[in-house]
Amino acid sequence: MYDTILLVLYVVSFMALILCSAQIFKLRRRMNLFHQKPWLKLKMTKVDVVFDLGSPSSDLKRDGELIAFCRLYELTKAKRSIQLSLFAENVAPHFPAIKSDLLQFSQMLTTTGSEAYIWLEGRFPKSKFIRNVCAFLQTAESLADPRQFLKQNATLLEKLSADQFRRRKDFQAPYLTAANSIPTMLIFLMVILEMIQYMNIVQQSIQYN
Amino acid sequence: MTMTAIYLKWALSIVALLGLFGLVFPSFKPLYKTSRLFIKNKSQQVKKSFIYRHLDDLMYLARGTNNVARYLYTSAALAVGTFAIALLVAADLPKPAGNAFFRGNISIGTTQSQFLFAALSSILAIVLQYITLRILAFFRQRKAGYDLLIVVKTMPQFSDLSIDEALALTAERVGKKNLLQKPLRILSYVLTSYKRQIELEYETQRFISAVNTTFAVAFISDIVYAHQSGTPWHESMFALGDAMEIRLSSILDAQKNMGDAIHTGLWGNAVSMIGIIGGIIWLLGWPVYASLQFRTTTNMLLFMLTVISILASTVLSLYLMKPALDYK
């Protein structure tokens with residue numbers, strides 16, 4: 001009787017665990033889907049809206065890829081003349097976190113012109129340097145010979161990307177320090193358990209006359 | 001009958017069998033040929049499969065004679081060997097009465113549990129091999145980002161040559177220690193011999209996804225532009241090298257905050273473990289400590305967990321030591 005109850009309890013608890021983890025994975029996958037395909041956000045349910053806050057790590061990743069895109073544009077524009085819309089379309093697959101944004105941006109550049117920059121600003125609401133990036137892209141695209149402008153703005157962009165790197169490191173540092181001190185905590189736990197066990201053994205073997 | 005007669009009998013029967021084989025074999029020749037073609041077709045199909053491509057991408061930057069077939073043979077040998085050894089070991093293990101999870105169904109020591117143990121350990125061996133491959137591939141990718149800087153700095157030496165010749169000569173110049181030697185040779189070969197645009201595109205995408213930095217995209221775009229327009233390319237390499245140098249110096253500046261976590265992971269944990277456990281041994285004496293540590297279930301489990309987490313934090317701090325040379 002006791003065994004069967006125990007077995008049923010084990011089975012129920014394992015099933016609950018599996019169901020919970022499956023739900024969490026499903027939600028995460030759905031959130032990733034909405035990040036990759038923003039046009040599907042129209043079909044979001046209430047649950048999805050609650051969870052679509054954008055985790056800080058994904059925001060950092062998107063910001064990093066945006067600044068990398070900007071630097072790549074600067075590097076390429078200084079060497080040869082290219083159109084921003086074509087460049088964004090060609091380069092989009094190398095930046096997976098902002099791929100759909102870049103594709104949409106390049107389409108809007110060809111159809112609506114300067115409204116595209118405003119749309120791109122709206123896509124990064126939490127980013128601190130999106131205004132600078134958009135202004136830089138618009139100016140570099142509108143100038144006939146942008147080499148002088150690119151040279152002047154190189155230091156600004158370098159500062160922005162260094163800031164981004166430092167922000168990411170500051171975000172990671174506490175977690176990594178904690179993760180690296182887990183072994184020491186485990187050692188202490190083990191030693192304390194050993195001492196308690198030793199004390200128990202000694203206590204049992206004492207004979208009170 | 002003497003021994004020589006027995007050997008003679010065997011030898012004569014082998015000769016007779018060989019003769020029979022020679023008589024019969026020609027009639028099987030078409031079947032043999034078709035089967036060879038069948039195997040060739042199958043192997044080509046396998047090379048297009050997802051798993052083969054995934055493993056090939058992981059080994060793209062590897063030096064030496066590493067390839068997918070070798071990896072698969074090694075993993076098969078590992079699985080078979082681990083299975084056999086675990087089966088033999090499990091036969092000699094002590095046999096307790098029951099198990100908490102499988103009460104009444106399986107008890108340790110039966111042939112069923114023996115096979116289960118062997119199968120689980122062989123699967124674990126394969127998974128560990130794959131994880132090792134992934135970790136090594138990750139660190140190779142990191143190193144390739146730094147090796148690209150050496151390549152970009154070396155290439156302008158050959159600025160009077162066309163881009164494919166310069167790539168081949170650079171691959172020779174940078175030496176075996178550079179992980180990009182093989183990819184550069186492949187790139188140079190593809191640039192000289194491609195027939196369709198898609199071949200060039202496939203190889204360049206492979207290079208970019210192997211190095212996985214913004215600078216790799218810029219490098220490839222410079223190379224393809226120079227190849228297709230025939231313009232001089234050394235100035236673009238100078239600009240790329242300068243950008244990489246500036247980025248490297250700024251990364252090294254920002255890296256100073258992470259020293260605490262890195263040193264804890266690299267040697268702090270191991271030193272604290274040796275110190276604390278040494279103190280315990282000094283306090284209790286070796287035999288008492290050994291029986292407490294290795295003859296009780298909870299302490300043994302905690303010991304294993306500690307050793308594994310120390311190894312994991314060492315890998316983590318190695319990951320932190322060299323950040324990717326990238327704008328992201």
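Which ones in region B:128-173 are closer than 18 Å to B:Thr213 by Cβ and of a type in the set (D, E, K, R)?
Within region B:128-173, B:Arg140, B:Arg142, B:Lys143, B:Asp147, B:Lys153 qualify.
Would you confirm whether or not region A:198-209 contains a residue that is within 11 Å of chain B (Cβ to nearest Cβ) and touching a Cys at 6+ places or on another chain (Cβ under 8 Å)?
Within region A:198-209, none of the residues are within 11 Å of chain B (Cβ to nearest Cβ) and touching a Cys at 6+ places or on another chain (Cβ under 8 Å).
Test A:Met190 against the criterion of being at the interface with chain B (Cβ under 10 Å from one of its Cβ atoms) and either among the polar types (S, T, N, Q) or touching a helix residue (DSSP H, G or I) at 6+ places or on another chain (Cβ under 8 Å) (or both), and give yes or no.
Yes.
Restricting to helices (runs of 4 or more DSSP H) lying wholly in region B:1-95: which have 2 or more residues that are closer than 30 Å to B:Ala210 by Cβ, at pLDDT 85 or above and of a type in the set (S, T, N, Q)?
Hits in region B:1-95: B:3-47, B:68-91.
Got a sec? Which helices (runs of 4 or more DSSP H) wholly within region B:221-328 have at least 1 residues that are farther than 30 Å from A:Lys79 by Cα?
B:259-263, B:269-284, B:286-294, B:297-321
Take B:Arg206 and tell me if it is within 12 Å of chain A (Cβ to nearest Cβ), in contact (Cβ under 8 Å) with a residue 24 or more places away in the chain and out of contact with any Gly (no Cβ under 8 Å at 6 or more places or on another chain).
no
Mind listing whichever residues of region A:104-146 are in a helix (DSSP H, G or I), β-branched (Val, Ile, Thr) and free of Cβ contacts under 8 Å to residues at least 60 places away in the same chain?
Matches in region A:104-146: A:Thr110, A:Thr111, A:Ile118, A:Thr139.
I want to confirm something. Restricting to region B:215-229 and keeping residues that are in contact with a helix residue (DSSP H, G or I) (Cβ under 7 Å, 6 or more places away or on another chain) and either among the small types (Gly, Ala, Ser) or within 15 Å of A:Cys70 (Cα to Cα) (or both), which single residue is surrounded by the fewest Cβ atoms within 10 Å (Cβ to Cβ)?
Checked region B:215-229; the qualifying residue surrounded by the fewest Cβ atoms within 10 Å (Cβ to Cβ) is B:Ala226.
I'm trying to understand the selection: among the residues of region B:289-328, which are among the charged types (D, E, K, R) and surrounded by 15 or more Cβ atoms within 10 Å (Cβ to Cβ)?
B:Asp326, B:Lys328 - these are the residues of region B:289-328 that are among the charged types (D, E, K, R) and surrounded by 15 or more Cβ atoms within 10 Å (Cβ to Cβ).
Of the conditions (1) without any contact (Cβ under 8 Å) to a residue 60 or more places away in the chain; (2) facing chain A (nearest Cβ under 10 Å), B:Ile251 clears all except one; give me its number.
Every condition holds for B:Ile251 apart from (1).
So A:Leu157 fits all but one of (1) in contact (Cβ under 8 Å) with a residue 40 or more places away in the chain; (2) surrounded by fewer than 17 Cβ atoms within 10 Å (Cβ to Cβ); (3) within 14 Å of chain B (Cβ to nearest Cβ); what number is the exception?
Every listed condition holds for A:Leu157 apart from (2).
If you take the residues in region B:264-274 that are within 18 Å of B:Asn299 (Cβ to Cβ) and without any contact (Cβ under 8 Å) to a residue 24 or more places away in the chain, which one is farthest from the other protein chains (Cβ to nearest Cβ)?
So the residue we want is B:Ile274.
So which of A:Arg71, A:Arg62 is assigned to a helix (DSSP H, G or I), farther than 22 Å from A:Gln152 by Cβ and within 13 Å of chain B (Cβ to nearest Cβ)?
Just a single option satisfies the conditions, and that option is A:Arg62.
Would you pick out the residues in region B:156-214 that are of a type in the set (Phe, Trp, Tyr) and farther than 20 Å from B:Asp57 by Cα?
Correct list: B:Phe158, B:Tyr194.
Can you confirm whether region B:185-204 contains a residue that is outside any helix (DSSP H, G or I) and exposed (fewer than 14 other Cβ atoms within 10 Å of the Cβ)?
yes
Answer yes if at least one residue in region B:222-242 is more than 11 Å from chain A (Cβ to nearest Cβ) and on the phi > 0 side of the Ramachandran plot, and no otherwise.
For region B:222-242, residues more than 11 Å from chain A (Cβ to nearest Cβ) and on the phi > 0 side of the Ramachandran plot: present.
The values are calculated or read from the model by the stated rules, or taken from the named source; none is laboratory data. From a predicted model like this one, the values you see are computed outputs, not experimental measurements. Please note: Cβ atoms are built from the backbone with ideal geometry, for glycine as well, and neighbour counts cover all protein chains shown.
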